[in-house]
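The values are calculated or read from the model by the stated rules, or taken from the named source; none is laboratory data. Predicted, not measured: the structure shown is a model, and the values here were computed from it. For neighbour counting, all protein chains shown are included, and Cβ atoms are generated from backbone atoms with ideal geometry for every residue, glycine included. Ligands, DNA and RNA are stripped out before the accessible areas are found, and what is left, the full protein with its side chains, is counted by its heavy atoms. Shrake-Rupley method; radii C 1.70, N 1.55, O 1.52, S 1.80 Å.
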Amino acid sequence: MNALTDALKAELLSVALEAAERAGALLRDGRPADLGVAATKTSPIDVVTEMDIASEKLITGFLAERRPDDGVLGEEGASAPGTSGVRWVIDPLDGTVNYLYGLPSWSVSIAAEHAGETVVGVVAAPLRGETYRAVLGQGAWAGDRRLRVRPAPDFPQALLGTGFGYLAARRTAQAEVVRRLLPEVRDIRRGGSAAIDLCDVACGRLDGYYERGLNPWDLAAGDLIAREAGALTGGRPGAPASGELVVAAPPGFFEPLQGRLEELGAWHD
């Protein structure tokens, strides 16, 4: 296993940024203008699936050229163990429904783990014109702008982000949590890309974010970016962020938000 040096971190960041930029350009420029409207041989959803797979193939192919000994975990099935101690965790298109409908909040999320710890995270949002990045211990950035979370709000003044699953039973449970939580906060947003939601916490555009049912590729990069911008992240009290529950918020608000979500049963269907 290679030691985690500053030079290795810089290399991993450079590779992640280039891969995300290339995949973002493919998705942005390759999306048919009439997607979801025109009658075609394949359904609009098939086209989105094709773009998702093409994005992952582009990323994994680029990584194989630049970092052939690394492992890979991708949403569309790419999986290889690697021998270097580095593993890439890839969501080639986060926010597929937004992409299908022509909404701008979709992203490419690429994280690099070393010895099981996320050390680099990049989230590219081409239609926002922004790419968010973080290196463990070196802060979070969008271009030249250092990202910082908002100060902890009082609970009634908090603007939250969340997301919903695809299964009806889970959505019903998540809707009940929102029904009870919404009167207690300023408002709740549903953006449609978990990676962007986590970056919006980092940017100070949301006071907090929570969601149940995320996969490792949904949150790996955004979780690091949020933490490097000053957020706390986790799952249920005392547990790390996981598919059961992800919570991200500034210190001082994270704790009451996490506690309230525990009371509301946001961690189970």
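When the label point is put 7 Å from the Cα of residue 157 along its Cα-to-beta-carbon vector, which residues of the range 238-269 have a backbone N closer than 18 Å?
Only 249-257 fall inside the zone, counting backbone N under 18 Å.
Share of antiparallel DSSP beta bridges in the chain, in percent to the nearest 5?
Percentage antiparallel, nearest 5: 75.
Multiply the residue separation of residue 263 and residue 167 by 0.36 nm, subtract the distance between their alpha-carbon atoms, and state the gained length in nm to one decimal.
32.3 nm
Can you tell me how the range 222-269 classifies by the Cα gyration tensor, rounded, prolate or oblate, using a/c under 1.5 as the rounded cut?
Taking the square roots of the gyration eigenvalues as a ≥ b ≥ c, the range 222-269 is oblate.
Ranking request for peptides 14-21, 48-55, 108-115: highest mean number of other beta-carbon atoms within 10 Å first, then the rest in descending order.
Put in order of decreasing packing, that is 108-115, 14-21, 48-55.
Between the alpha-carbon centers of the range 63-86 and the range 197-259, tell me the distance in whole angstrom.
26 Å
Please compute the per residue accessible area over the chain with all protein chains in place, 1.4 Å probe, rounded to a whole number of Å².
About 44 Å² of surface per residue is accessible.
Which value, in debye to the nearest 20, describes the size of the charge dipole of the range 111-269 about its Cα centre when Lys and Arg Cβ atoms bear +1, Asp and Glu Cβ atoms bear -1, and nothing else is charged?
380 debye
For a Förster distance of 25 Å, can you work out the FRET efficiency between the beta-carbons of residue 244 and residue 180, rounded to the nearest 0.05?
With a Förster radius of 25 Å, E is 0.85.
If we restrict to alpha carbons, what Rg and Dmax does the chain come to, in Å?
18.1, 53
What is the distance, in nm, between label points placed 7 Å from the Cα along the Cα-to-Cβ direction at residue 205 and at residue 103?
1.3 nm
Counting pairwise Cα distances across the range 104-230, what percent come out greater than 25 angstrom?
25 percent
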